[in-house]
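Engineer: Provided herewith is a single structure, encoded as structure tokens, for subsequent inquiry.
The values are calculated or read from the model by the stated rules, or taken from the named source; none is laboratory data. These figures come from a predicted structure and were not determined experimentally. Note: ideal-geometry Cβ built from the backbone for every residue, glycine included; neighbour counts use all protein chains shown. Please note that ligands, DNA and RNA were not included when accessible areas were found on the heavy atoms of the full protein model with its side chains. Shrake-Rupley method; radii C 1.70, N 1.55, O 1.52, S 1.80 Å.
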Amino acid sequence: MNKTEALAAIQASFERGSNTPCSWAADQDAYIAQKQCELLEMVIEPVEANITGEVFSYGVKNELSSAPVFAVARRADTWLLYAPATNVFSLASGDSPAAMSILGFSSSDALAEWLG
């Protein structure tokens, strides 16, 4: 996976719409657009990630262990992971992609996962 493919996957997710809660925003469409731009600015050259922990044990760690998962965006020690085989995103934390702890949720909604 390369950065172009990561951007395409994120953009495809945006095109499907987002379930990101934002009822507090005066202009919800503007809020979503702003957060999408912020996510795109955080996209990195993908790096294969190793998921070693899961905050909420809903089985997502096991689901994502069957195929490669890539870190595709980063803000400090927060990472957006992407599994191309299943087309799902998940939020993770860690100092390095070699040892990521996922929150425990995954979906095809990149923005909702990124915002936690």
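Engineer: What's the number of the only condition in (1) open to solvent by 60 Å² or more (accessible area, probe 1.4 Å); (2) among the aliphatic types (A, V, I, L, M); (3) at pLDDT 95 or above that Ala73 fails to meet?
Structural biologist: (1)
Engineer: Looking only at strands (runs of 3 or more DSSP E) that fall completely inside the range 1-102, which ones have 1 or more residues that are in contact with a Gly (Cβ under 6 Å, 6 or more places away or on another chain) and among the aliphatic types (A, V, I, L, M)? Quick ask: steps written out before the conclusion?
Structural biologist: Numbers: elements: 43-48, 51-54, 70-75, 78-83, 88-93, 100-102.
By residue number, 88-93, 100-102.
Engineer: Out of everything in the range 76-93 that is touching a residue at least 40 places away in the same chain (Cβ under 8 Å) and over 18 Å from Glu38 (Cα atoms), what residue ends up being surrounded by the most Cβ atoms within 10 Å (Cβ to Cβ)? Give the steps one after another, and end with the answer.
Structural biologist: Within the range 76-93, the first condition is being touching a residue at least 40 places away in the same chain (Cβ under 8 Å), and the residues that meet it are 80, 82, 84, 87, 89, 92.
Now narrow it down to the ones that are over 18 Å from Glu38 (Cα atoms): 84, 87.
Working: Pro84: 16, Asn87: 12.
Once the filter is applied, the top-ranked residue is Pro84.
Engineer: Within the range 16-39, identify whether any single residue is among the aromatic types (Phe, Trp, Tyr) and either over 17 Å from Gly116 (Cβ atoms) or surrounded by fewer than 21 Cβ atoms within 10 Å (Cβ to Cβ) (or both), and answer yes or no.
Structural biologist: Restricting attention to the range 16-39, the residues satisfying the condition of being among the aromatic types (Phe, Trp, Tyr) are 24, 31.
Next cut, either over 17 Å from Gly116 (Cβ atoms) or surrounded by fewer than 21 Cβ atoms within 10 Å (Cβ to Cβ) (or both) only: 24, 31.
Yes.
Engineer: Right, another one. Out of Ile102, Ile44, which single residue is open to solvent by less than 40 Å² (accessible area, probe 1.4 Å) and either within 15 Å of the chain's Cα centre (by Cα) or not aliphatic (A, V, I, L, M) (or both)?
Structural biologist: Only one candidate qualifies: Ile102.
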